[in-house]
Amino acid sequence: MATVTFVEARRRLEAKARPMRDKRMAAADAASLVRDGDHVAIGGCLYSRTPMLLLREVLRHRRRDLVLSRNLMCYEGELFLVSGASRDLVTSWVGIGLPWGLSRIVREFVEGGRARLEEWSHLAIGLRYHAGAMGVPFLPTLSMLGSDLLRTTGARTMTCPFTGEQLCLVPALFPDVALIHVHRADPFGNAQIDGYPHMDLDIAAAAQTVVLSAEEIVDPEQIRRTADRTAIPFFAVDAVVEAPYGAYPHECYGLYEADLDHIDAYARRVAAEGAAAVRAYLDEYVYGPATLEAFLELFGAGRLLRQSRSARELTGRWT
Amino acid sequence: MSYTASELLAVSASRLLADGKIVFAGVGTPLLAASLARLTHAPHLTIVVEGGAIGLEAEPGRLPISTNEMRAGRRAVMLPSITQIFLYAQRGYFDYGFLGGAQIDPYGNINTSVIGPAERPRVRLPGSGGACDIACHCREIVIVTRHERRRFVERLDFVTSPGQVGAGDGRRRAGLLFGRVTAVVTDLALMDFDPATGRMRVVALQPGADLAQVREQTGFELAAAAEPDRLPAPSEQELALVRALDPARTFLG
């Protein structure tokens, strides 16, 4: 449950100056905007356009007691549980995908009472962010009626004052911080996304603080020439981090496919060895490489090019 | 001609989809079934997935593993936000919704959340994802799953996705004004729901299956006609096409 009411969220937002200033900063500095105990909304969906660089930086800061929310939670949830950064996940689904089955880590933590997984339906999560983005306390839906999710979440029902029908109400979610990876942004934070928008426009507008990583930082004039493509306006953004391959090993639409070999190797090792495998992964891929360059060197140029070529084929940009 | 249970499921499910309709499909068997339908009897079937793609045409041999990756958006006509896709479902645009499930009860309610108490589950399952929303909003909900006694249970530990909800007009009383579960397709049988009791019943048997076997693999009382119909076996063409969609057998097993 969000602890911030829509009134408090509005007051917090009004208290901040929002000039069109240069917001570029290093990933480590941007990640320091996440504080212990924050509710952090993660952009993208599952292994698509996940802000992996920003998430690694937050883990490197050794934050504690974070609440993580995401529409579908991929293995980044496992990294945060095992590292001790979070014990609270808010999502509609957790795992990597059908071929990999249930998450052993999430099972161990939740079944052992060491973590809480707050499950909403996928639309309910979307409407909670959307209500936040709208600045209203809740939104009505027919989703979750007849489901036990109505009982286990903070949803409520009401009788529609216009039609007399029953409605499910989902409370607005106002994240403290949203971490979002985009295709391009100018230094002020005007950002454009190619392909699936997922829920990122809403989490950007709902959150108190928004950190963007961008494949490319572009001239503000380029944004002005293509303003119809802008998905997130500067006034919602607090930090802009230049991050080519910033979602890798997850995918970025049109630019690179998810490195499913890497994800598969991780998943197999975790299935066999449990939390020890996650700790080894954290050492090798999160705490070890101090920079984005060092992280990408673990994969090598050949692999990155292969994933890029594959993405261009799929989205018709090379054919 | 021999075939596996997963091939049979994909073929049987594909035959339930009429041309010109819109199907909300998940990855795995639902997307195989919907793609197969487009290649056979339903070339004008539109496939929608929750990651945010409308009208996708998945590339044979390159099926998506998640619905929000690039592969799922191939040749799509629109890539809306996830929330918007579900709002189109709530608005009533989608004819069919495909669901699987860890546990299914006689009323077609599905559990993909927890085994044991919700506060401290014995098994933490992946969760709803969009399944609950598909069940609440699509006009005809089709459940596709392997027929196993541990899946077909009289009482669910948790209702993630509402089917008929309960006896009689249970779904309506829960506030779900639209849609209903129309079919359950398994590797043993095709089932629907008795309008009088709201409970699942056998309509037809898969090739080679008999009623005793179906009942043995079902954990609740299952009504059936004395002589249920027999579903036709998958054709050679259907099998060849479904295998070509998933040559690495990522989803066909």
Check: If you take the residues of the range A:159-171 that are in contact (Cβ under 8 Å) with a residue 12 or more places away in the chain and open to solvent by 10 Å² or more (accessible area, probe 1.4 Å), which of them is farthest from A:VAL136 (Cα to Cα)?
Finding: A:GLN166
Next item on the list: Could you tell me whether any residue of the range B:154-174 is open to solvent by 20 Å² or more (accessible area, probe 1.4 Å) and within 17 Å of B:ALA13 (Cβ to Cβ)?
Entry: no
Notebook entry, point to check: Any idea which of A:GLY189, A:GLY146 is surrounded by 17 or more Cβ atoms within 10 Å (Cβ to Cβ) and either touching an Asp or Glu at 6+ places or on another chain (Cβ under 9 Å) or more than 14 Å from every other protein chain (Cβ to nearest Cβ) (or both)?
Noted result: A:GLY189
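Taking helices (runs of 4 or more DSSP H) that fall entirely within the range A:1-92, which contain at least 1 residues that are in contact with a Ser or Thr (Cβ under 8 Å, 6 or more places away or on another chain)? Explain how you work it out, then say what you get.
Details: elements: A:6-14, A:27-31, A:52-60, A:76-83.
So the answer is A:27-31, A:52-60, A:76-83.
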Check: Which numbered condition trips up A:ALA124, out of (1) closer than 25 Å to A:VAL210 by Cα; (2) of a type outside the set (D, E, K, R); (3) at the interface with chain B (Cβ under 7 Å from one of its Cβ atoms)?
Finding: (3)
Check: Counting just the residues of the range A:99-121 that are at pLDDT below 95 and within 7 Å of chain B (Cβ to nearest Cβ), which one comes out surrounded by the fewest Cβ atoms within 10 Å (Cβ to Cβ)?
Finding: A:PRO99
Checklist line | Hey, B:ALA196 modelled with pLDDT under 95, in a loop (DSSP other than H, G, I, E, B) and of a type in the set (A, V, I, L, M) or not | finding: yes
Margin query: Suppose we filter A:SER69, A:SER48, A:SER92 for residues that are within 14 Å of chain B (Cβ to nearest Cβ), closer than 19 Å to A:ALA205 by Cα and in contact with a helix residue (DSSP H, G or I) (Cβ under 9 Å, 6 or more places away or on another chain); which single one remains?
Written below: A:SER69
Next item on the list: From (1) part of a helix (DSSP H, G or I); (2) open to solvent by 10 Å² or more (accessible area, probe 1.4 Å), pick out the condition that doesn't hold for A:ARG128.
Entry: (2)
Check: What number of residues within the range B:1-30 satisfy the criterion of being in a loop (DSSP other than H, G, I, E, B) and within 18 Å of B:LEU63 (Cα to Cα)?
Finding: 4
Margin query: I'd like to know if the range B:176-187 contains one or more residues that are under 15 Å from B:ARG15 (Cβ atoms), within 20 Å of the chain's Cα centre (by Cα) and small (Gly, Ala, Ser).
Written below: yes
Margin query: Considering only residues that are under 21 Å from A:LEU167 (Cβ atoms) and in a loop (DSSP other than H, G, I, E, B), which ones fall in the range A:108-125?
Written below: A:TRP120, A:SER121
Next item on the list: Could you please let me know if A:MET144 is on the phi < 0 side of the Ramachandran plot and either small (Gly, Ala, Ser) or within 26 Å of the chain's Cα centre (by Cα) (or both)?
Entry: no
Next item on the list: Could you grab the pairs with beta carbons closer than 8 Å, sequence gap of 6+ or different chains, first residue in the range B:121-147 and away from chain A (no Cβ under 12 Å), second one part of a loop (DSSP other than H, G, I, E, B) and among the β-branched types (Val, Ile, Thr)?
Entry: B:VAL144/B:THR186; B:THR145/B:THR186; B:ARG146/B:THR186; B:HIS147/B:THR186; B:HIS147/B:THR218
Note to self: Please verify whether B:VAL185 is away from chain A (no Cβ under 14 Å), in contact with a strand residue (DSSP E or B) (Cβ under 6 Å, 6 or more places away or on another chain), in contact (Cβ under 8 Å) with a residue 60 or more places away in the chain and closer than 14 Å to B:ILE143 by Cα, treating the condition exactly as stated.
What the structure shows: yes
Item checked: Pair list, Cβ under 9 Å, 6 or more apart: the range B:70-91 residue more than 7 Å from chain A (Cβ to nearest Cβ), other residue charged (D, E, K, R) and open to solvent by less than 10 Å² (accessible area, probe 1.4 Å) -> B:ALA89/B:ASP133
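The values are calculated or read from the model by the stated rules, or taken from the named source; none is laboratory data. In this text, all values refer to a predicted model and were calculated from it rather than measured experimentally. When we count neighbours, we look across all protein chains shown, and the Cβ atoms used for this are built from the backbone with ideal geometry, even at glycine. For accessibility, only protein heavy atoms count, side chains too; no ligands or nucleic acids. Shrake-Rupley method; radii C 1.70, N 1.55, O 1.52, S 1.80 Å.
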